[in-house]
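Novice: Structure provided below as structure tokens; questions to follow.
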Amino acid sequence: MNASGSTIHQEILRNFCRLCGNKQAVASKYPVSKFNLGNDVKKALDIDFSFDISYIHPPFICDCCRLKLSRWRKKKNLKLKASININVFEFKEHDNTSCLICEDLADRAVIDSDFLDCCKDFGYAVTENQNDFLIFKIAVSTEKFSERIYINKKDRNWQIFIHDLDKSKSKHFENIPGNLTKESLKVLLKLLSELRICEGNRGFDELCRGRSETNPAVFLAQDGQTVSAYEEVSFNHVKTVRHSNCSL
């Protein structure tokens, strides 16, 4: 690979995870330099980043692989049996005309960019793996996903999670087609931006159940109107109090 080709290829590689090879390393909220996790990777996967070549190997590790490494390290520290479920992608040296990564990226770039260009207009970030796009927002208060939309790359079918609740079948989205187009994606994102959504509060279990085991308490405003009530559905396996104006 010539100097010009290697420079371009290095820029493309920045978008890929050094371990799994998925195109999500930089799009993840906190892309991690591979050298920050070098010791764990060497022990868990027998990969030494000091032998990496800049125009062959990506510089980052995606958040998914980082979390897997973190769980592996915690088990090791507790002297528990630990395995790590990462299928390592093999990056190879090649000439300018045989780069499958660049070729794949070029084939998809125009279509995918056109399909997803509306996401930033509504304040969403985008990442992807081999099969799906992930469009998401993160709640500042919890640093966790507040909204996640998974879109299959092949047929554009979708699934939406709001504060970890699967709301794909919600009445709010009943007019959204099962296979998204650019226009129907815009409609979905606009609809989401207009909904009133709260994450719920899981800290009132004793208060709600203190009055009656069968009739949980509700919270009223000064005018007597219901403000929030105890929700009898699973919220990450924990019941929650949710505002009465919440669209969930």
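The values are calculated or read from the model by the stated rules, or taken from the named source; none is laboratory data. Quick caveat, the model's predicted, so the values are computed rather than measured. In this analysis, Cβ positions are derived from the backbone assuming ideal geometry, glycine residues included, and neighbour counts consider all displayed protein chains.
Novice: Determine whether the range 27-39 contains at least one residue that is under 21 Å from the mean Cα position of the chain (by Cα), in a loop (DSSP other than H, G, I, E, B) and free of Cβ contacts under 8 Å to residues at least 40 places away in the same chain.
Specialist: Within the range 27-39, one or more residues are under 21 Å from the mean Cα position of the chain (by Cα), in a loop (DSSP other than H, G, I, E, B) and free of Cβ contacts under 8 Å to residues at least 40 places away in the same chain.
Novice: Moving on. If I filter the range 97-116 for residues that are small (Gly, Ala, Ser), modelled with pLDDT of 80 or more and farther than 30 Å from TYR150 by Cα, do I get at least one hit? Steps first, answer last, please.
Specialist: Quick first cut of the range 97-116, residues small (Gly, Ala, Ser) only: 98, 106, 109, 113.
Applying the additional criterion that residues be modelled with pLDDT of 80 or more yields none.
No, the range 97-116 has no match at all.
Novice: Also, quick follow-up: Restricting attention to the range 137-160, and to residues there that are among the aromatic types (Phe, Trp, Tyr) and modelled with pLDDT of 85 or more, which single residue is farthest from LYS182 (Cα to Cα)? Step through it out loud before you land on a result.
Specialist: To start, the set of residues in the range 137-160 that are among the aromatic types (Phe, Trp, Tyr) comprises 145, 150, 158.
Now restrict to residues that are modelled with pLDDT of 85 or more: 150, 158.
Values: TYR150: 15, TRP158: 13 Å.
Only one residue tops the list, namely TYR150.
Novice: Are there any pairs with C-beta distances below 9 angstrom linking a residue in the range 111-137 that is assigned to a strand (DSSP E or B) and basic (Lys, Arg) to a residue that is buried (at least 17 other Cβ atoms within 10 Å of the Cβ) and modelled with pLDDT of 80 or more, with the two at least 6 apart or on different chains, and if so which?
Specialist: The qualifying pairs are LYS137/TYR124; LYS137/GLU147; LYS137/ARG148; LYS137/LEU192.
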